[in-house]
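Structure record follows, encoded as C-alpha cells.
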Amino acid sequence: MTHQIRFDDGAGYERYMGRWSQLVGDALLDWLAPASGLRWLDVGCGNGAFTEMLVERCAPAAVVGVDPSEEQLAFARTRPASRVAQFRQGDAIALPFPADAFDAAVMPLVIFFVPDPPKGVAEMARVVRPGGVVTAYGWDLFEAGFPYAALQAEMRGMGVAVPMPPNPDASRLETLRDLWTRAGLEAIETRGITVQRTFADFDDYWTTIRIGPSVRPALAAMAPSDISGLEARMRGRLPVDAAGRITYSARANAVKGRVPM
C-alpha cells in the first residue's frame, strides 16, 4: 500500500524538511538578488520556513503565504515573520488574488505536489505584475537529490512502497524550463543547487526521519525486526565524522522567469 504524502505537522516539518528548504532558499535568494520593498507571494508556504527567509533577507513591502493546510499555517503564524507576513489558506491552482497583485511569486519545494503544474505556474504568472519574477525550486527526485533518498532506496530494497509526489517529473530542470515557457514567461533561467546539512549524530538523523511524512506511514507499517534491520543498514551507509556527526548533500533544481511587460 502506498500512502499519500501529507504535510500537517508544522513542528515536525520544521525539523524534517524546513531546515533543508532554508538551505536551498539561501542559495536561491543569492541567485535572484531581489530588490528590497517588493510584494512577495509564497505559494505552498507550509509552516513558513521560506516565508521567514523572505522577511529576514529581502526587506519586503509585504509577504503573503498561501497553503492548503491550516495546521501548517497555524505553525507559520507563530514565527517572528508573522509581524510582516500574512498567512492564508488557498489553492495553488486557484490563487485567491487579483491579477498583478505581487512583484514576485515563489513556490518552494511544491511544484511536484501541485495537481496541475502548468495551471499552478500560470496562476503565479497571473498574480505577478508585468516585469515581476516567478520562481520555484524542487528536489531533483530522479538524480537522488531528495535529502532522504538513501533511506528511501534502502526501504524500496526491502520491498517497502515509498510514496512519491503526484508529479515527480516537475522536478526535472528541462520540465521546469518547459513549464515556465508554456506560461509565457521570459528571461527564463534554471540551475541546480547543492546543499549540505549536518546532523549531530545518528540518533539525531534517525529521530528526524521518523517524523517525516514522506516515510513515516511506511515506517509505521513495518515490523519491528525490519525497522531494526533498516536502522542497521542506515548506520552503515551514512558518513560519520570523528565526532559522530553525519553530513551529506541534497540537490534541488531551480527556475526563474519574468512576466512580460
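Each reported figure results from applying straightforward, stated rules to the coordinates on display, with no laboratory input. Quick caveat: nothing in here was measured; it's all calculated off a predicted structure. Positions of Cβ are generated from backbone atoms using ideal geometry, with glycine treated the same way; all protein chains shown enter the neighbour counts.
Of all DSSP-defined beta bridges confined to the chain, some 50% are antiparallel rather than parallel. With r as the distance between the Cβ atoms of ILE211 and ARG129 and R0 = 30 Å, compute the FRET efficiency 1/(1 + (r/R0)^6) and round to 0.05. Between ARG129 and ILE211 the formula returns 0.15. Estimated at 0.36 nm per residue, the fully extended path between TYR248 and ARG197 surpasses their Cα-Cα distance by 17.8 nm. Between ALA62 and ASP26, the simple spin-label model (points 7 angstrom out along Cα→Cβ) gives 3.1 nm.
Across the options PRO165, THR190, PHE146, the greatest Cα extent toward the positive end of the charge dipole of segment 145-215 (unit charges at beta carbon of Lys, Arg, Asp, Glu) belongs to PRO165.
Between ASP204 and ASP116, the simple spin-label model (points 7 angstrom out along Cα→Cβ) gives 4.4 nm. Each Cα pair under 8 Å and six or more residues apart adds its sequence gap; the mean of these over the residue count of segment 1-148 is a relative contact order of 22 percent.
Stretching MET261 away from ALA223 to a fully extended chain increases their span by 7.9 nm, per 0.36 nm per residue minus the current alpha-carbon distance.
Just to confirm the number: angle between the C-alpha axis of helix 173-182 and the first principal axis of the chain, 0 to 90 degrees, nearest 10? Roughly 30 degrees between the two axes.
Is it possible to state the helix-based mean residue ellipticity at 222 nm for the chain, with each DSSP H run of 4+ residues giving -39500 (n - 2.57), the sum divided by total residues, to the nearest 500 deg cm²/dmol? What is it? After summing the helix terms and dividing by the residues of the chain, the value is -10000 deg cm²/dmol.
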